[in-house]
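In what follows, a single structure is set out as structure tokens and then discussed.
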Amino acid sequence: MSTEQTQILEMLATGKITVAEAQMLLNALSAGQEATAMPDTKTLKAAEAAGVPWPEFSTAGKSSEPGWPPRPPRPPRPPRAPRPSRGRRADVIDQVIQLHNFGISPDYLNRMRAALGDVSLNEVIAMGIHGVDPDYVRRTRELGFELTADEVVAFAIHHVDLDFVERVRELGYDDLTADDLVAMSIHGVDPDMFDALYQAGLTELTVDEIVAMSIHGVTPEFVAEMKAAGLMDLSPDDLLSLRIQGIDGEFITDMRDAGILDDATADDLIKLKHGRHV
């Protein structure tokens, strides 16, 4: 890599030029180098036929008089010493090239490190690939989360809504972990579901219970249906069991209208559903 190319990449690393400007400068430098190439074979043969000595043809600023003495042979070069370590500057250039390959600007790198501390280049690249915004990371810090780079990427992949985090905290869930929030996001627990379950009287659910209800379809409407059928004090496990076993309000009403069960519990209804004695 030439000195000029190194200088261009260093300007890119410090944010003095953009990626597009750096690419333009590198292209221009490459074109300039091609323009100073040696003459082609046809031109050289024509010069030789005209009797122009080689040193005169190829060397600018020397006498064009015939008989210019031939250049003495060069003495052999001494062997080169081993190259020293490339050093920090070369490492920075390699990092700039790597960031450029993934479309990540030096500004993005600096903002992420300001938000998360001394994260590695690979971690910044992972966050850039998954579209993590530095402002999003800053807001997680304001909410009290000391997330690792991997947790930030998980939040981005599973679309953890920070407005949702604020809402559930208002409902008393102020000790949620990063894994809790990712699990709820994966299984479709949204602010509306959380609010509706809370309004339905389920005010002390654990995260695992909420996730299980979302997975098995225990909706606020199902809770209201069970209450309308006379089951007023069902636990989260009761609600899950009834939903999983396919028991709905119509089944409960039919059983009571037939006089089979007047004060049935959730376990009684499940046994009856499967033809077992109560």
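No value in this document is a laboratory result; all are computed from the given coordinates. Since we're looking at a predicted model, the values are computed, not measured. Positions of Cβ are backbone-derived with ideal geometry, glycine not excepted, and every protein chain shown enters the neighbour counts.
For the reader, a short list of remarks on this structure follows.
- Karplus-derived 3J(HN,Hα) values for the range 137-145, using 6.51 cos²θ - 1.76 cosθ + 1.60 with θ = phi - 60°, are 5, 4, 5, 4, 5, 5, 7, x, 8 Hz; glycine and proline are entered as x.
- Extension gain, K16 back to R256 (0.36 nm per residue minus Cα-Cα distance, nm): 78.5 nm
- At 1.306 mPa s and 10 °C, Stokes diffusion of the range 133-225 via Kirkwood alpha-carbon radius, µm² per second: 115
- The label point for D94 and the one for I157, both projected 7 Å from the Cα toward the Cβ, are 2.7 nm apart.
- 19 Å Cα-Cα reach of K16 towards aspartates and glutamates, excluding residues that sit fewer than 8 places from it in its own chain: E4, D91, D94, D107
- Extending 7 Å from the Cα toward the beta-carbon at both L176 and L121 defines two label points whose distance is 3.6 nm.
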